[in-house]
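One structure is given here, and the rest of the page talks about it.
The values are calculated or read from the model by the stated rules, or taken from the named source; none is laboratory data. Keep in mind that what you see is a predicted model, and the values were worked out from it rather than measured. Cβ placement follows ideal geometry from the backbone for every residue including glycine, while neighbour counts extend to all protein chains displayed.
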Amino acid sequence: MKQNTVFERLRWPKTIGVIVLATGVGLCSVQFMISSSSMNGVLNNIVLLVSQRFHMGMGEESSQAQQTKPVTPIVSISQASVLDIPKFPSSYHGIIADAANRNGLNEALIMAVMAAESNFNPKAISSSGAHGLMQLMPETARTYGVSDTFDPRQSISAGARYLSYLMNRFDGNLKLVLAAYNAGPTSVVRSGYKVPPIAETQDYVKKVLAYYTYYQGI
């Protein structure tokens with residue numbers, strides 16, 4: 001006597017159409033078109049299992065995509081604010097490149113500090129007595145052997161050396177480095193290694209970071 005197969009005992013439908021659509025951006029669907037009601041219970045479980053597998057896979061892909069997402073700039077710059085950023089004089093490029101190379105700094109950082117400090121004016125003098133392109137205070141100038149604070153090469157060289165010193169002292173924390181350049185290292189330390197609650201210093205840090213982002217792109 002001929003034994004019925006498993007499929008025959010379960011009355012397996014003659015036609016089962018399976019369409020798997022796995023296209024589109026982050027979208028995945030699985031549809032089963034079944035022409036018989038005798039297997040609905042079994043196939044429903046299969047549909048659920050396959051659907052879960054697809055969604056789990058897409059979840060892993062989304063997680064990987066997030067990990068490779070490009071890093072955003074330090075500060076975003078609006079089109080309007082770009083007009084306020086001082087134009088960099090190309091005549092200082094060679095001096096800045098040399099100072100940056102000697103002190104392990106990004107050229108754009110030196111440019112940004114110079115722009116904020118003196119607006120690229122080598123004869124600039126502040127009300128506090130700072131001189132030159134990098135606005136060196138007399139004590140800082142003496143520390144780095146500057147004989148003429150209005151000389152572009154000496155000013156940029158000393159300013160870069162001072163920035164390098166601050167980068168080492170504050171473990172590369174750019175906000176603290178800039179705050180220290182503006183208000184002094186002691187002020188940053190007394191503030192608990194945070195940007196001091198001084199309006200001028202906080203505005204200065206934001207301005208230089210914006211300049212820094214911009215000059216990296218020129």
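Is it the case, given these coordinates, that Leu176 is in a helix (DSSP H, G or I), touching a residue at least 24 places away in the same chain (Cβ under 8 Å) and either surrounded by 18 or more Cβ atoms within 10 Å (Cβ to Cβ) or on the phi > 0 side of the Ramachandran plot (or both)?
Here the answer is no, as Leu176 does not meet what is asked.
State which residue is nearest to Asp84 (Cα to Cα) when the search covers only region 128-154 and only residues that are hydroxyl-bearing (Ser, Thr, Tyr) and either in contact with a Lys or Arg (Cβ under 6 Å, 6 or more places away or on another chain) or modelled with pLDDT of 95 or more (or both).
Looking at residues that are hydroxyl-bearing (Ser, Thr, Tyr) and either in contact with a Lys or Arg (Cβ under 6 Å, 6 or more places away or on another chain) or modelled with pLDDT of 95 or more (or both), I get Thr149.
Could you list all residues from region 81-138 that are of a type in the set (S, T, N, Q) and either within 17 Å of Gly217 (Cα to Cα) or surrounded by 23 or more Cβ atoms within 10 Å (Cβ to Cβ) (or both)?
If the condition is that a residue be of a type in the set (S, T, N, Q) and either within 17 Å of Gly217 (Cα to Cα) or surrounded by 23 or more Cβ atoms within 10 Å (Cβ to Cβ) (or both), then Ser81, Ser90, Asn106, Gln135 are the ones that fit.
Quick one: in region 121-144, of everything that is in contact with a Gly (Cβ under 8 Å, 6 or more places away or on another chain) and of a type in the set (A, V, I, L, M), which residue is nearest to Ile110 (Cα to Cα)?
Looking at residues that are in contact with a Gly (Cβ under 8 Å, 6 or more places away or on another chain) and of a type in the set (A, V, I, L, M), I get Met134.
Take Ser157 and tell me if it is assigned to a helix (DSSP H, G or I), over 23 Å from Asp84 (Cα atoms), assigned by TED's automatic domain parsing to the domain that holds Ile96 and among the small types (Gly, Ala, Ser).
When the stated conditions are applied, Ser157 passes them.
Criterion first (touching a residue at least 24 places away in the same chain (Cβ under 8 Å) and surrounded by fewer than 16 Cβ atoms within 10 Å (Cβ to Cβ)) does Ile218 satisfy it?
Numbers: touching a residue at least 24 places away in the same chain (Cβ under 8 Å): yes; surrounded by fewer than 16 Cβ atoms within 10 Å (Cβ to Cβ): yes.
Against the criterion (touching a residue at least 24 places away in the same chain (Cβ under 8 Å) and surrounded by fewer than 16 Cβ atoms within 10 Å (Cβ to Cβ)), Ile218 qualifies.
Residue by residue through region 164-173, note down the ones that are in a helix (DSSP H, G or I) and more than 16 Å from Thr201 (Cα to Cα).
So in region 164-173, the residues in a helix (DSSP H, G or I) come out as 164-169.
The answer is Ser164, Tyr165, Met167, Asn168, Arg169.
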